[in-house]
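The values are calculated or read from the model by the stated rules, or taken from the named source; none is laboratory data. Please read these numbers as outputs of a predicted model, since none were measured by experiment. Note: ideal-geometry Cβ built from the backbone for every residue, glycine included; neighbour counts use all protein chains shown. Heavy atoms of the whole protein, side chains included, go into the accessibility calculation; ligands, DNA and RNA do not. Shrake-Rupley method; radii C 1.70, N 1.55, O 1.52, S 1.80 Å.
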Amino acid sequence: MSVIKTRVGRRTFLKTSAAAGGGLLISFSWLASCKPGRTKEEILAMPEEWFKLNGYIKIGDNGVVTIYSPNPEIGQNVMTSMPMIVAEELDVDWKNVIVEQGKLDEDSFKNPQFAGGSLSIMLGWDALRMAGAAGRRMLLEAAAKEWQVDVDSLSAKNGMIMEISGARSVGYGEIATKAVGIEVPEDLEMKDPKDYKIIGTAKKNVEGKKIVTGKPLFGLDFQKEGMKLAMIHHPPAFGMKVKDFNRDEIVAMDGVSDAFIIDSSTAEPAWTEVNAFNTLVAIIGESTWQLMNAKKALKVSYDTESEPESSDTHSARLKKDLKNGKVLESRLDGDPDAAFANAAKVIERTYTSPFIAHNTLEPMNFYADVKENSVELIGPVQTPKSLEERVSAMLDIPVENIEVHMTRIGGGFGKRLYIHYGMEAAAISKKLGAPVKLIYTREDDMTQGTYRPTYMSTYKAGLDENNNLIAFSVKGVGLPEGPVFPKRFPAGAVDNYSAEKLGSETNISTGAWRAPRSHFTAGAEQSFIDEVAELAGKDPIDFRLELFERAKSNPVGEEHEYDADRYAGVLKLVREKCNWGQDTPGIHRGIAAYFCHNSYVAEVIDIRMDKGQPIVEKVWCAVDCGIVINKEGATNIIEGGVVDGIGHAMYSEMKFENGKPVHNNFNTYQLIRHSQAPKNIEVFFVENEISPTGLGEPGLPPAQGALANALYKATGKRYYHTPFSTAPQDQIDMEVG
Amino acid sequence: MALFKLKINGKSQEVDVDPKTPMLWVLRDHLNLVGTKYGCGVAQCGACTVHLNGSATRSCQLPVSVVGDNEITTIEGLSEDADHPVQQAWLKIDVPQCGYCQAGQIMNAASLLKSNPKPSDEEIEAAMSGNLCRCGTYTRIKKAIKEASNNINA
């Protein structure tokens, strides 16, 4: 049993209030799906009164518990896993829990409400457990007071409070009314992980039934009486700015009620405001189809603000700045130059990846209702707090007067960390003086920018005459920022080590894309390590384990970021599960492992070749993310990471011609499809009692390296450049032309 | 603008729209049936899949003027209470991540199983390859289709 101080959250968790009548949307259908055997009448026997124990928990007089999920749901399944943690400590039957999306209210949740960096569970772990434990304690105290007994003579379990003597018992719902005004002690007892009944089990997605029946869950589905629809037009190329447009012709079109130019910029933009196109044409109307037609009729003039860039410009700039770029971060152990000069074997390889788009399947959209001194914002956003703050700055309306509600989000991948579309909706509503829902077309979405940067890294390794790795260096540049993590593997495992992250520039807007920088670096580094292991004549897993042993027993230099034991642990687990070393005719096998977002993942990919194309027959994943909250959701998200990693390594890229993104829809921009997906994925979790860490991103990075290494076994050719299906794979000429 | 009488999910509906309006937007903007999703508008992602007389059709490429007497079924009309075998299988296998593409996947899978109740892996892949899932739930989708197939044929 661990003890957590309530002090941090005291102000919040002590607050109790009776919220009569419920007043919020209650999901009867979801209850029905969870309670087989209950009649419709029973299900509809909803509480007459709700008692709000804290920001997370509302208990009905009949024992039904509503748990508010604080963070945005982008498909990472936190809407199931976060409430599972609360329910565990509250000690209620999961079947009696209704989950609702909480609105933005960080004071009440005492938890940062964002979806990014795979941090929801890791950062929420204490607050969520505390919310549940505080609620349970309040109910216990209420019963003790009611029965005039010592609280230590009571126990709480499965929604019931019982006297340990067995004399009396009462349901949470019956006693909840008495919990109002009860104080929570300074120290709260948390459950021992061994006693978990909900955490670590496999629970179905709490919105599963709504999803499969097409209920309105997403921002694009949101509607409100009196709401107008809006679409925007941004310039076709980076470096251009909207100047003027044929307003008279546009407003004369069927279904168009207004059209104007908006500016959604602020004086001191936050990082979440990345946007190459703050000045936009906005068209207002009643129906999406009419707005799409109006967009096609636009004639827009532009100013040129910076030189248009093409993919050739980018390749040349990467080569130049890999030599001359500004060093943003670095690490140096020993004397790599001298060690390379003395090495028996030296190998150097350069890896590249293009810009790529996020392509969430739900395009950007947001609802905004800006009144004179208040704003309501509803839609899909990974960073609701930032949206609130930046709309406040843009419109000069205090944050207290801004409400942000989060809808279910049709994909995030980092794209919706950047809030331009929410700000644009607010700017449009302000100018229009009416509530409005802004909708991007797929083309608007794909050509808007905020792309994953293009990268280039050169790796070099030196082996002595006994095939020991004596020197290792990596230099990486990106537009605008390199992908290197100087303190990650193999830092600490090599005597002579150098890592440099270099900066460059571009007018293409870029942003975080699922496992930022890690996805590229994992692919490059883990392919390179495979090639070095081969040069050393060693098994690729044994070679890595040797390095982890060195980092553990006799680490080089200052601290490194990873735990060598846990890193080795996932390699050993995947080695055992996939029966590494077995040789199946026609099957080619590759391995990779990576640490990011505080978690460790190793993946083995088996492929066979069919008409020159790889068919991924099986993927084994070993994951160490500490305590797993929901086995079902955790497995699903790792599977998704693998598919995403393979898909983008194989097929996807965004190219540019004269500043213009050359792809604007899925007819030319390739994403992985059913027929290209792995036939089978198996996920194994390391069992331990370490506090939970990231899951949304870490499954993705190892996939590219494991695939590249399998492709080498299949073809005899090393894969250095994504997308593998179309990019030439020779080492590139590094002469700067 | 023109008046159209449509048969949707077993009910008669009237809409007054531009005849070129794709059914996707008739459903979403005019009939408040938003389960059918917009993903690309060019029949490349499958999120807008509905049934036209029981067969999977991309509603973003189906102008309202050509629908006539043909029956349209959307995800909202696939079953009474998520009890279609494909929906049941989706729940059992816990397929969705973000969930945005899943209505289209389910409508396409239901159409596939109607014409081919026992599809092979290759037939599933071929039939489903027009439906993108950006979250990468493809292996679960295939599992769920096989589960539904087994239940239909049981």
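Report the Cα-based extents of the stretch A:592-684 along its three principal axes, largest first, to the nearest Å.
49, 33, 22
Test of understanding: extend the Cα→C-beta vector of A:Ser330 to 7 Å, then name every residue of the stretch A:446-473 with backbone N under 20 Å from that spot.
A:456-462, A:471-473
Could you work out the helix-only [θ] at 222 nm for the protein assembly as shown, with each DSSP H run of four or more residues adding -39,500 (n - 2.57) and the total divided by the number of residues, to the nearest 500 deg cm²/dmol? Don't skip to the answer; put the middle values down first.
Numbers: 24 runs with 264 residues, N = 891.
-9000 deg cm²/dmol, from helical runs alone.
Among the aspartates and glutamates, select those whose C-alpha is under 18 Å from the C-alpha of B:Lys118, and discard any that sit fewer than 8 residues away in the same chain.
Partners within reach: B:Glu147.
Over all directions, how big on average is the projection of the convex hull of the alpha-carbon atoms in the stretch B:85-153, in square nanometres?
On the way: hull surface 15.3 nm².
If you wrap the Cα atoms of the stretch B:85-153 in a convex hull and average its projections, you get 3.8 nm².
What is the Cα coordinate range of the stretch B:7-154 on the first, second and third principal axes, sorted by size from largest, in whole angstrom?
Its Cα atoms span 43, 29, 24 Å along the three principal axes.
So what is the relative contact order for chain A, in percent, with contacts set as C-alpha pairs under 8 Å and at least six apart? Can you show the working numbers first?
Details: 1721 pairs, mean separation 101.3, N = 737.
Computed value for chain A: 14 percent relative contact order.
Buried by at least 20 Å² relative to the chain on its own: which residues of the stretch A:632-648 qualify, computing accessible area with a 1.4 Å probe on protein heavy atoms?
A:Glu632, A:Asn636, A:Glu639, A:Gly640, A:Val643
Per residue in the stretch B:69-93, which ones lose no less than 40 Å² of accessible surface when going from chain alone to all protein chains (1.4 Å probe)?
B:Asp81, B:Leu91
Just the number, please: buried accessible area between A and B, total of both chains, 1.4 angstrom probe, nearest 100 square angstrom.
So the buried area, both faces added, is about 4800 Å².
To the nearest 10 Å², what's A:Trp147's accessible area with a 1.4 Å probe?
Approximately 40 Å² for this residue.
Semi-axes, largest first, in whole Å: what does sqrt of 5 times each Cα gyration tensor eigenvalue give for the stretch A:467-545? Walk me through the intermediate numbers first.
Details: eigenvalues 151, 36, 19 Å².
Semi-axis lengths for the stretch A:467-545 are 27, 13, 10 Å.
Heavy atoms only, 1.4 Å probe, whole protein assembly: order A:Arg608, A:Arg452 by accessible area, highest first. Don't skip to the answer; put the middle values down first.
Working: A:Arg608 90, A:Arg452 15 Å².
Ranking A:Arg608, A:Arg452 by accessible area, largest first, yields A:Arg608, A:Arg452.
So for the stretch A:578-737, what are the equivalent ellipsoid semi-axes in whole Å, largest first, each being the square root of 5 times an eigenvalue of the Cα gyration tensor?
The equivalent ellipsoid of the stretch A:578-737 has semi-axes of 28, 20, 15 Å.
How big is D, in µm² s⁻¹, for the stretch A:76-130 by Stokes-Einstein at 25 °C and 0.890 mPa s if Rh is the Kirkwood radius over C-alpha pairs? Walk me through the numbers before you get to the answer.
Numbers: Rh = 11.8 Å.
Using the Kirkwood radius from Cα pairs, D works out to 208 µm²/s.
In whole angstrom, how far apart do the alpha carbon centroids of the stretch A:523-601 and the stretch A:667-717 sit?
Answer, in whole Å: 15.
Could you please state how large a percent of the accessible area of the protein assembly as shown is carbon and sulfur, counting protein chains only and using a 1.4 Å probe?
Numbers: 15290 of 32630 Å².
That share works out to 47 percent.
Let's test the formula: R0 of 51 Å, r as the Cβ-Cβ distance of A:Gln148 and B:Asn151. What FRET efficiency results, to the nearest 0.05?
It comes out at approximately 0.35.
Find the centroid of the Cα atoms in the stretch A:46-82 and in the stretch A:621-656, then give the distance between the two in whole Å.
28 Å
Over all alpha-carbon pairs in the stretch A:259-354, figure out the percentage whose distance exceeds 18 Å. Kindly include the intermediate steps, with their values, before the conclusion.
Details: 3425 of 4560 pairs.
Above the 18 Å cut-off, the stretch A:259-354 has 75 percent of its Cα pairs.
According to a simple spin-label model (label point 7 Å from Cα along Cα-to-Cβ), what is the distance in nm between A:Lys631 and A:Glu163?
Going by the 7 Å Cα→Cβ label model, 3.9 nm.
With Kirkwood's inverse mean 1/r over C-alpha pairs for Rh, give me the Rg to Rh ratio of the stretch A:445-491, two decimals please. Write down the numbers at each step before the final one.
Working: Rg = 15.8 Å, Rh = 13.0 Å.
For the stretch A:445-491, the value is 1.21.
Would you tell me the accessible area of A:Arg168, worked out with a 1.4 angstrom probe on the heavy atoms of the protein chains, in Å² to the nearest 10?
Roll a 1.4 Å probe over it and A:Arg168 shows about 100 Å².
Identify the residues of the stretch A:301-327 with backbone N under 18 Å of a label point that sits 7 angstrom from the Cα of A:Met734 along the Cα-to-Cβ direction, or state none.
A:315-327
State in Å² the accessible area per residue of chain A; use a 1.4 Å probe, count heavy atoms of protein chains only, and round to the nearest integer. Intermediate values should be presented prior to the final figure.
Details: 26940 Å² over 737 residues.
That works out to 37 Å² per residue.
If I take all pairs of Cα atoms in the stretch B:2-77, what percentage of them are more than 22 Å from each other? Each step should come with its number before you reach the end.
Details: 262 of 2850 pairs.
In whole percent, the share of Cα-Cα pairs in the stretch B:2-77 beyond 22 Å is 9.
Please check the stretch A:193-216 for residues whose accessible area, probe 1.4 Å, is lower by 40 Å² or more when all protein chains are in place than in their chain alone.
By number: A:Lys204, A:Asn205, A:Lys209, A:Ile211, A:Val212, A:Thr213, A:Gly214.
For A:Lys224 paired with B:Lys11, estimate the spin-label separation in nm (one decimal), with each label point 7 Å from Cα along the Cα-to-Cβ line.
Result: 2.5 nm between the two label points.
Counting other Cβ atoms within 10 Å of each Cβ, which GluC sites (Glu not before Pro) in the stretch A:629-737 have at most 12 and sit in a DSSP loop? Don't jump to the answer; show the numbers that get you there.
On the way: sites: A:Glu632, A:Glu639, A:Glu653, A:Glu657, A:Glu682, A:Glu687, A:Glu689, A:Glu735; in loops: A:Glu653, A:Glu687, A:Glu689, A:Glu735.
Listed in order of number, the matching sites are A:Glu687, A:Glu689, A:Glu735.
P(r) of chain A in 20 Å steps, Cα pairs, percent per bin?
16, 44, 33, 7, 0
Please compute the Kirkwood hydrodynamic radius over the stretch A:526-611, one decimal place, Å, based on all pairs of different Cα atoms.
Values: mean 1/r = 0.0711 Å⁻¹.
Every distinct Cα pair counted, the radius reaches 14.1 Å.
Can you compute the modelled spin-label distance between A:Glu189 and A:Lys243, with each label point 7 Å from Cα toward Cβ, in nm?
7.5 nm
Just to confirm a number: summing +1 for Lys and Arg and -1 for Asp and Glu over residues other than A:Met227 whose beta-carbon lies under 12 angstrom from that of A:Met227, what do you get?
Result for the neighbourhood of A:Met227: -2.
Write down the accessible area per residue of the stretch B:2-77 in Å², having rolled a 1.4 Å probe over the full set of protein chains.
On the way: 2900 Å² over 76 residues.
Ligands and nucleic acids excluded, the figure is 38 Å² per residue.
Return P(r) of the stretch A:229-299 (all Cα-Cα pairs; 5 Å bins starting at 0; whole %; ordered from short to long distances).
Using 5 Å bins, I get a P(r) of 3, 17, 27, 20, 16, 10, 6, 1 for the stretch A:229-299.
To the nearest 0.05, how large is the calculated FRET efficiency for A:Ile690 and A:Ser301 if R₀ is 60 Å and r is the Cβ-Cβ distance?
E between A:Ile690 and A:Ser301, to the nearest 0.05, is 0.55.
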